Amino acid sequence: MDRHDLAVVADMIVRLARHHGDDPAIDAARLEVDLFGEARWLHGLVVERFGYVVGYALLVPRYRAQLTLRGLDLHHLFVLEGSRGLGLGRLLVAGAQAAAREAGCAFLTVGARAENGRAQDFYRSLGFQPHLAAGQGFAMTL
């Protein structure tokens, strides 16, 4: 992903958030800080069709300290509706795998909402295995 992709990717993030009933706060400036700032937080990939960005993936670092294993979480994967079914999501996942390997990662994770059977089937078709975290997850607003 390059800086010139930021506005279109931010717009796609907004679309995905609204689709899931979330109230998005993202914009191109904030995305730029997280992708290209001093404390880089995300790794981003895009896929193009006819010279236009039609999909993106965002990767976030993970770590399993007890095993000293680095990983990446495929936090977002999105392809515009008119470009779905063409293998572009598969290309983004392949790019995520390559980025993880290049970073010395031992694993790649992804989540899908319980009601999103289509996404679950897609990830299974690519070789992802169901993984349930032990225990209950918790969060705290800071």
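Per residue, how large is the accessible surface of segment 20-132? Use a 1.4 angstrom probe and give square angstrom.
On the way: 7320 Å² over 113 residues.
Here the per-residue accessible area is 65 Å².
Could you work out the equivalent-ellipsoid semi-axes for segment 1-116, taking the square root of 5 times each eigenvalue of the Cα gyration tensor, largest first, in whole Å?
Numbers: eigenvalues 102, 57, 47 Å².
The answer is 23, 17, 15 Å, longest axis first.
Size of the dipole of segment 23-114 about the Cα centre, Lys and Arg at +1 and Asp and Glu at -1 on the beta carbon, nothing else charged, in debye to 20? Walk me through the numbers before you get to the answer.
On the way: 10 positive and 9 negative charges, 91 e Å.
The calculation lands at about 440 debye.
Around Met1, with a cut-off of 13 angstrom between Cβ atoms, what is the net charge of the other residues, counting Lys and Arg +1 and Asp and Glu -1? All intermediate terms of the calculation are to be shown ahead of the outcome.
Values: positive: Arg3, Arg40; negative: Asp2, Asp5, Glu32, Asp34, Glu48.
Around Met1, the charge tally is -3.
Which one of Leu80, Val14, Ala114 has its Cα pushed farthest toward the positive end of the charge dipole of the chain, where Lys and Arg give +1 and Asp and Glu give -1 at the Cβ?
Ala114
What is the local net charge at Val79, summed over the other residues whose Cβ is closer than 13 Å to its Cβ (Lys, Arg +1; Asp, Glu -1)? Before the final figure, lay out each step's value.
Details: positive: Arg15, Arg49, Arg84, Arg90, Arg118; negative: Glu48, Glu81.
With Lys, Arg at +1 and Asp, Glu at -1, the neighbours total +3.
Applying a 10 Å radius around every beta-carbon, put 17-25, 78-86, 59-67 in order of their mean neighbour count, most first. Mind showing how you got there, number by number?
Working: 17-25: 10.2, 78-86: 14.4, 59-67: 12.8.
Going by the mean number of other Cβ atoms within 10 Å, highest first, we get 78-86, 59-67, 17-25.
The values are calculated or read from the model by the stated rules, or taken from the named source; none is laboratory data. All of these numbers come straight from a predicted model, not from anything done at the bench. Every residue, glycine as well, gets a Cβ built from its backbone with ideal geometry; the counts of neighbours run over all protein chains shown. The area values use the complete protein model at the heavy-atom level, side chains included, leaving out ligands, DNA and RNA. Shrake-Rupley method; radii C 1.70, N 1.55, O 1.52, S 1.80 Å.
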